[in-house]
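Q: Before anything else, here's the structure in question.
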Amino acid sequence: MKVDLLRFQLESGKWVAFVVVACVAFAALLLGPQAKTTGGLVFTASPDESISNQCLLWSYRSVTKSVSMSADGSYIATVGGDGVQLFSRADNIPIWSYGLEDVQWVSMSADGFYIAAGSFYPLLGSSVYLFSRADNIPIWSYRVGEYVGRVSMSSDGLYIVAGEDDSVCLFSRADNTPIWSYRTSAYVSSVSMSADGLYIAAGSGDNKIYLFSRADNTPIWSYQTSEFVGSVLMSSDGSYIAAGGIGGVYLFSRVDNTPIWSYQTSSSFPSISISSDGSYIAAGGYGGILDGLYLFSGEPHVASVYVAIVAIVGCVALGIVIVLGWRRWGR
């Protein structure tokens with residue numbers, strides 16, 4: 001009888017261990033989305049991965065620093081070694097080119113009819129340019145100081161925002177006189193505009209993230225980070241603002257300056273993108289031990305945590321009941 005009891009105890013121990021391990025594994029699967037949302041590395045682009053040539057429609061060989069595309073993919077604007085260029089999806093022959101040295105940024109309206117570009121001349125001065133698809137003659141240009149920290153355009157091309165040295169400048173398509181400007185305490189590294197042009201987000205070397213309304217240059221709110229802010233991007237409807245910089249990624253609601261969440265790491269995030277509804281955020285990181293491409297969810301999956309906890313508690317309780325039952329039967 002004692003031998004049988006010992007055998008049952010050993011077997012029950014094995015089964016309890018199995019049940020606990022299974023529960024933990026099940027919980028890990030449930031917690032997967034939560035871990036990813038709160039800062040887990042989801043996937044990293046591999047340099048060994050190549051795209052099939054069957055997917056390549058055409059290519060144009062030139063130094064390209066920034067690209068922007070119309071909503072339907074019919075037109076592509078680029079800036080780089082050959083200045084500002086406009087392409088049709090049909091082939092790789094530029095519709096037109098405008099020769100400029102060291103053009104850094106470009107933004108296109110949703111219909112592909114208007115193109116804004118920003119140049120970078122630390123010694124000679126930089127400029128913001130507005131073009132139409134019709135030809136390569138600028139509709140207007142605006143001379144700034146040393147630096148243009150990106151440009152962004154409303155979907156209808158009526159409004160353009162640019163980072164000008166240490167200022168955020170809002171323009172109308174009508175002329176090159178700024179509607180308003182706002183001066184920060186350091187150079188403006190990034191700007192982004194909602195599709196309707198009603199809201200503007202900016203990131204600055206003063207480690208701050210700013211949100212503006214088109215109505216005036218008084219910030220709706222600002223948020224002080226601990227490090228340099230290198231990139232900001234707004235969801236199409238202006239409801240969410242994603243920002244990346246040295247050591248972190250942030251997601252905000254337009255309502256206030258309290259982050260919905262933040263992700264802290266040793267990497268820098270000079271490039272960030274957000275889905276039109278703010279549900280997903282992609283960020284490119286480098287300069288740390290976790291370099292790579294990160295994908296985040298806009299909202300934490302809190303429900304999965306509770307389900308996982310309930311699963312663990314339930315499985316452990318079941319294991320205890322099994323052990324007690326086997327011991328009692330063995331006696």
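Q: Step through the residues of segment 108-114 one at a time and calculate ³J(HN,Hα) from phi using the Karplus curve (6.51 cos²θ - 1.76 cosθ + 1.60, θ = phi - 60°), rounding each to whole Hz and writing x for Gly and Pro.
A: 10, 5, 4, 8, x, 8, 10
Q: Would you kindly derive the ³J(HN,Hα) couplings of segment 152-158 from the backbone phi angles with the Karplus curve 6.51 cos²θ - 1.76 cosθ + 1.60 (θ = phi - 60°), listing them in order in whole Hz, with x for Gly and Pro?
A: Those phi angles translate into 8, 10, 5, 4, 8, x, 7 Hz.
Q: Which far-off residues, 5 or more places away or on another chain, put their amide H under 5 Å from the one on S231, with H placed in the peptide plane?
A: Amide H neighbours of S231, under 5 Å, 5+ apart: G244.
Q: Order by neighbour count: R173, R254, R89, fewest other Cβ atoms within 10 Å first, most last.
A: R89, R173, R254
Q: Using amide H atoms built in the peptide plane, which far-off residues or other-chain residues are under 5 Å from G112 H to H?
A: So G112 has HN proximity to A71.
Q: Next question, about the same structure. List, in order, the whole-Hz ³J(HN,Hα) value for each residue of segment 254-266 obtained from phi through the Karplus relation with A = 6.51, B = -1.76, C = 1.60 and θ = phi - 60°; use x for Gly and Pro.
A: Ordered by residue, 3J(HN,Hα) equals 5, 5, 7, 9, 8, x, 4, 7, 9, 10, 9, 7, 7 Hz.
Read-outs: derived from the displayed coordinates by stated rules, not from any lab. All figures in this text were calculated on a predicted structure; none of them were measured in a lab. Note: ideal-geometry Cβ built from the backbone for every residue, glycine included; neighbour counts use all protein chains shown.
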